[in-house]
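Below is one structure, written out as structure tokens; comments come after it.
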Amino acid sequence: MKFEAHIDCDNAAFVPDAEYEVSRILDRLAMKLREGPSIAEPRTWSLFDVNGNRVGFARLTQDDEVDDREFLQPDHDEELS
């Protein structure tokens, strides 16, 4: 299985502190994962900012449902350590 998450940070909820809002969203997702049913089956969760806007998703998939090439390409702005 694979887990992926995508959060679009291009709205007012992420200004001036995008890191705080991203961590708040991930904390809520972590709570759903801990308290929810087993994650043995593929699932998708919608992610919402503090203003209630859907800003992304998280998903658990079977290995063959996700294209690894998307995850293995580094951003041109970042160096791999």
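The values are calculated or read from the model by the stated rules, or taken from the named source; none is laboratory data. Quick caveat: nothing in here was measured; it's all calculated off a predicted structure. Virtual Cβ from ideal backbone geometry, glycine too; neighbours counted across all protein chains shown.
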| Selection count where residues are under 16 Å from PHE3 (Cβ atoms), in contact (Cβ under 8 Å) with a residue 40 or more places away in the chain and either assigned to a helix (DSSP H, G or I) or of a type in the set (A, V, I, L, M) (or both), scope region 31-63 | 4
| message | Could you check region 30-59 and list, in sequence order, the residues that are modelled with pLDDT under 85 and of a type in the set (Val, Ile, Thr)? | response | ILE39
| query | Taking region 9-31 as the search range and keeping residues that are surrounded by 15 or more Cβ atoms within 10 Å (Cβ to Cβ) and out of contact with any Asp or Glu (no Cβ under 8 Å at 6 or more places or on another chain), which one is farthest from ASP63 (Cα to Cα)? | reply | VAL22
| modelled with pLDDT of 90 or more and of a type in the set (Ser, Thr, Tyr) - does that describe any residue in region 60-77? | no
| In region 1-30, what count of residues is obtained for those that are of a type in the set (A, V, I, L, M, F, W, C), in contact (Cβ under 8 Å) with a residue 40 or more places away in the chain and out of contact with any Phe, Trp or Tyr (no Cβ under 8 Å at 6 or more places or on another chain)? | 5
